[in-house]
Amino acid sequence: MMTKVKISRFQYFLLIPNLLFAKAIGITAGVTARSVGSDAWTSMSIGFLLGTAIILAMVYLHSRFPEKTIVQISEEVVGKWLGKLTGIVLALFFILAFGASANVMTMHLKEYFLVETPFWLICFVYTLLCMYGVFVGIENIVRFSLFGLLGCLLINITMIFGTWGDFDLINLLPVLDRGLSANIANSIYIFGDLAMAILGIGMIYPLLNNKDKTFVISFWAMVLSGILILIWPIMELGVIGSGAMQQYVVVCMQQVRCAQLTRYLPRYELIMVSFFTFTTFVQSATMYYCSVQSFQQSSGMLKNRQIIILLLAIAMFLATFLMANDHNNYIHFLAYPWAQICTILSLGLPVVLIMTALIRGKLKNKPTPAKT
Amino acid sequence: MKTIALYVLLISLPLLSGCWDMREINELGLVMAVGIDKSSNNPDHYLVTVQVANPQAGGSSADSSINRPETIWISSAEGKTIFEAIRELARISSQRIMWAHNNVIVIGESLARDDITPVIDFFSHNHELRMKTWMAVAKGSATDFLKAKAGMGSIPGQSLADMFRYQQFTGLDFHSNLLKVYGDFTSDTTNLLIGSLSLEQATTQAGLSKVQENTVEQIQMDGMAVFDQRRMLGYLSEDETRGLAWFLSENPNMVISVPHPSDSSESVAVEIVAVKAKIDSQLDQQTPSFSIQITGTGHIAEEDTTSDLSINDFKHQMEFLAEQQIIEEIDLGLDKVLNVYKSDVLGFGKVVHSQHKKEWNQGLKDRWVQIFPDVEISVAADIEIKSSTLNQIPLRNYRRSSVIDD
């Protein structure tokens, strides 16, 4: 590893929900609802089950190569040049993942709070903030996961209490209306979020200071993430209905627009967005970090990290701005081809590496986990 | 590198001041209610009327009423679109119009009968507006309603919102908000029901002197407006509305007056609480039918005559009479919706979809508009009267001597 930064298992546990939450609760739910209507929650649940299995497969792969990132594992398993190509692909993936994540925040600000502020400026400032996070290091970013998770809990609690009175169960029925196969096929949209966690773990796992029981920790982190995230499409469908969900880009914002805690607290979108800020920052900044790491490891430019961070900031800014300058383009991009790219990469890469490693006999000996 | 980072942060400081979206509160005109009509001059134009709160009117009571400004400022403007009309308002308003505190959207009858899509489209687009903003159809011009008195408050928009909030105790009216209306508007099958308002002449008296008594037009809630997908078809009366409130209201708490079992010329008031409605659908050769089951708990609230029935007999008879009355009320509302308006405003299509998804997706959905008016609906009620609310014996039976004799 290039740095001696280490994160604890508790921080790792907290990081996983933060890598999944921000985009999934509103934007992914809306994209899924546009495809399967009231089945959005079942389709996302199926995707979550598949994603949990893939995350556990990724942890299994890392248990065989505990001190290597997925880029380094690729180089070892499929060869140097294919490994480097994987690294470049992942670096590009993380740039676009940053854009997809950053636009969760920029769209909230642009469409609901800072409607007159130029979009490029919001993108610029947010990229700058994340760049600063990467400058000071992943350990500091990951420390925000605690605040991020607390924020997720608070936003969920305030959302549930504020909208419970308008919840109508019939909006969620019938279960699996479009059929199981349609639900499975459309579960790819949640892979836009799962891929950030699966491939993010692929870059961050070696930083763990203790790699015992990571399988169990990852499983429970996914259970917690599932509860935190899936409550949103359930509540969104129950309160605003699938028809209305299909109309909005930032569905979670529409949901909090409906929340009302007694007549004395009739709206609190800004409070809820403030709860949401930390988790979005952790997600975006981690994608930024992973892109820098992938680029460095595949290019071999290990000494000019800060220059790479600065250069990638331009790419991050452009990705964010161009992706969502027109919000319809953003939604179309997330539905196609982003969901498909994420599904192929996050499902395909761990499976291909495990299969190849198995064939080449690189999974036989389990290394002793290093403790620091 | 730290120096570069420092410079970058310093350069970005002016960009973070938030001036672009700065809005000083004293420059804002807070809309309390808005009315949308079709313009009488040009039917293709919209007439938007806003009721804006004037905070300067909230001065001390020592100010003379002559010098004190009005609590609200009402103004109208026309435009080819609602947004254009609102922009026109800016030409006559000294303050910037802000929608975040709007309480009510009132839609004029002529616009409602034409097409309410632009109203729903504009206000659901508007990021400032709350989705829980009340919506109503005015029996007449919305502008007249914005100029009329509502309730006891000094700001009619706020008073109107309070009237919506507390109407649940009568069951005679229906409160609808933008969230519910938008949900139904984007639904595959359910059509819109929006509460309606009418103007009544009311006598008000300032202070204790009858000399100052005068008559003003006051807003009152008055049943519901029934829509097909986007056009208003007509109104439901208070009685018809009440019939539907048994299973439409979120928290129905209804009072019914039933004939006394011993003397049908007298009435007994029964308060029905904890009302629950269950709708089931059955399919017989692709023809759906529905059964509505109402359950609730009753309390005798008022008994206007003497009775020689035991408490248990009285309760059982009251339960039967209350159930019959509830069924009659529901039938009255359903009859109008099914046979006159033929519009599924009650979500029966959703019930069939949720309970028979296979048949629904295999063609029932496409034929629903034609099928719905002919569906059979059976209604049953099960009311349990649990107490006679404080009194053990009717007050008219009460004689001091009899109590002492007992």
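The values are calculated or read from the model by the stated rules, or taken from the named source; none is laboratory data. Since the model is a prediction, treat every value here as computed from it, not as a measurement. All Cβ positions, even for glycine, are placed from backbone atoms using ideal geometry, and neighbour counts span all protein chains on display.
Assorted remarks:
- In segment B:104-116, the residues that are within 20 Å of the chain's Cα centre (by Cα) and either surrounded by fewer than 16 Cβ atoms within 10 Å (Cβ to Cβ) or hydrophobic (A, V, I, L, M, F, W, C) (or both): B:Val104, B:Ile105, B:Val106, B:Ile107, B:Leu111, B:Ala112, B:Asp115, B:Ile116
- Count of residues meeting criterion [under 17 Å from B:Gly157 (Cβ atoms) and in contact with a helix residue (DSSP H, G or I) (Cβ under 7 Å, 6 or more places away or on another chain)] in segment B:99-118: 6
- Sub-6 Å Cβ pairs linking a first residue in segment A:60-80 that is touching a residue at least 40 places away in the same chain (Cβ under 8 Å) to a second residue that is part of a helix (DSSP H, G or I) and of a type in the set (Phe, Trp, Tyr), at least 6 apart or interchain, are A:His62/A:Tyr205, ordered by first then second residue.
- Residue check, A:Leu153 surrounded by fewer than 17 Cβ atoms within 10 Å (Cβ to Cβ) and in a loop (DSSP other than H, G, I, E, B): no
- Within segment A:242-259, residues that are more than 7 Å from every other protein chain (Cβ to nearest Cβ) have Cβ atoms under 8 Å from residues that are in a loop (DSSP other than H, G, I, E, B) and hydroxyl-bearing (Ser, Thr, Tyr) in these pairs: A:Gln246/B:Thr186; A:Gln254/A:Tyr248; A:Val256/A:Tyr268; A:Ala259/A:Tyr268, counting only partners at least 6 apart in sequence or on another chain.
Yes/no per residue for (1) more than 19 Å from B:Val226 (Cβ to Cβ); (2) of a type in the set (S, T, N, Q); (3) under 20 Å from the mean Cα position of the chain (by Cα):
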{"site": "B:Asp239", "(1), (2), (3)": "no, no, yes"}
{"site": "B:Trp246", "(1), (2), (3)": "no, no, yes"}
{"site": "B:Ser249", "(1), (2), (3)": "no, yes, yes"}
{"site": "B:Glu266", "(1), (2), (3)": "yes, no, no"}
{"site": "B:Glu271", "(1), (2), (3)": "yes, no, no"}
{"site": "B:Gln285", "(1), (2), (3)": "yes, yes, no"}
{"site": "B:Phe290", "(1), (2), (3)": "no, no, no"}
{"site": "B:Ile311", "(1), (2), (3)": "yes, no, no"}
{"site": "B:Gln325", "(1), (2), (3)": "yes, yes, no"}
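- Within segment B:84-101, tally of residues that are out of contact with any strand residue (DSSP E or B) (no Cβ under 6 Å at 6 or more places or on another chain) and within 14 Å of chain A (Cβ to nearest Cβ): 1
- A:Ser35 falls short of the stated requirement of being farther than 18 Å from A:Ile234 by Cα, touching a residue at least 12 places away in the same chain (Cβ under 8 Å) and among the polar types (S, T, N, Q).
- For segment A:102-150, the tally of residues that are part of a helix (DSSP H, G or I), more than 30 Å from A:Tyr205 (Cβ to Cβ) and at the interface with chain B (Cβ under 8 Å from one of its Cβ atoms) stands at 6.
- A:Ile231 modelled with pLDDT of 95 or more, under 23 Å from the mean Cα position of the chain (by Cα) and farther than 30 Å from A:Glu67 by Cα: yes
- Near pairs, Cβ below 7 angstrom, 6+ apart or cross-chain, from segment B:357-376 (modelled with pLDDT of 90 or more) to any residue that is aromatic (Phe, Trp, Tyr): B:Phe372/B:Phe348; B:Val375/B:Phe290; B:Val375/B:Phe348
- Entry remark, segment B:267-282: residues being away from chain A (no Cβ under 14 Å) and either surrounded by 15 or more Cβ atoms within 10 Å (Cβ to Cβ) or aliphatic (A, V, I, L, M) (or both) number 9 in total.
- If you filter segment A:156-189 down to residues that are small (Gly, Ala, Ser) and in a helix (DSSP H, G or I), you find that the one that is farthest from A:Tyr205 (Cα to Cα) is A:Gly165.
- Each residue in segment A:31-49 was checked for being more than 17 Å from A:Gln247 (Cβ to Cβ) and either of a type in the set (Ser, Thr, Tyr) or not in a helix (DSSP H, G or I) (or both), and 3 pass.
- Selection of segment A:248-305 for residues being assigned to a helix (DSSP H, G or I), buried (at least 18 other Cβ atoms within 10 Å of the Cβ) and among the aliphatic types (A, V, I, L, M) yields A:Val251, A:Met253, A:Val256, A:Met272, A:Val273, A:Val282, A:Ala285, A:Met287, A:Val292.
- Residues in segment B:102-132 that are within 14 Å of chain A (Cβ to nearest Cβ) and either under 13 Å from B:Gly35 (Cβ atoms) or part of a helix (DSSP H, G or I) (or both): B:Asn102, B:Asn103, B:Val104, B:Thr117, B:Ile120, B:Asp121, B:Phe122, B:Phe123, B:Ser124, B:His125.
- When residues of segment B:77-103 are limited to those that are buried (at least 21 other Cβ atoms within 10 Å of the Cβ) and in contact with a Gly (Cβ under 6 Å, 6 or more places away or on another chain), the one farthest from B:Leu193 (Cα to Cα): B:Ala85
- Candidate set from segment B:46-76 (those that are assigned to a loop (DSSP other than H, G, I, E, B) and surrounded by 13 or more Cβ atoms within 10 Å (Cβ to Cβ)); member that is modelled with the lowest pLDDT: B:Arg68
- Selection within segment A:331-349 - over 12 Å from A:Tyr189 (Cβ atoms) and buried (at least 22 other Cβ atoms within 10 Å of the Cβ): A:Ser346, A:Leu349
- Flag for A:Lys84 being surrounded by 20 or more Cβ atoms within 10 Å (Cβ to Cβ), charged (D, E, K, R), more than 18 Å from A:Asp193 (Cβ to Cβ) and touching a residue at least 24 places away in the same chain (Cβ under 8 Å): no
- Among the residues listed as A:Asn209, A:Asn186, the single one being away from chain B (no Cβ under 14 Å) and out of contact with any helix residue (DSSP H, G or I) (no Cβ under 7 Å at 6 or more places or on another chain): A:Asn209
- Restricting attention to segment B:213-232, the residues that are more than 15 Å from B:Leu197 (Cα to Cα) and surrounded by fewer than 18 Cβ atoms within 10 Å (Cβ to Cβ) total 8.
- Residues that are surrounded by fewer than 17 Cβ atoms within 10 Å (Cβ to Cβ) and part of a helix (DSSP H, G or I), drawn from segment A:311-326: A:Leu311, A:Ile314, A:Leu318, A:Leu322
- Checklist (1) more than 14 Å from every other protein chain (Cβ to nearest Cβ); (2) at pLDDT below 85 applied to B:Gln229, failing item: (1)
- Among the candidates A:Val125, A:Val115, A:Val136, residue that is without any contact (Cβ under 8 Å) to a residue 12 or more places away in the chain, closer than 23 Å to A:Asn304 by Cβ and surrounded by fewer than 24 Cβ atoms within 10 Å (Cβ to Cβ): A:Val136
- Among the residues of segment A:38-63, those identified as surrounded by fewer than 20 Cβ atoms within 10 Å (Cβ to Cβ) and touching a Pro at 6+ places or on another chain (Cβ under 9 Å) are A:Ser45, A:Ala57, A:Tyr60, A:Ser63.
- Enumeration of residues in segment A:186-222 that are within 13 Å of A:Val59 (Cβ to Cβ), of a type outside the set (Val, Ile, Thr) and in contact with a strand residue (DSSP E or B) (Cβ under 7 Å, 6 or more places away or on another chain): A:Leu208
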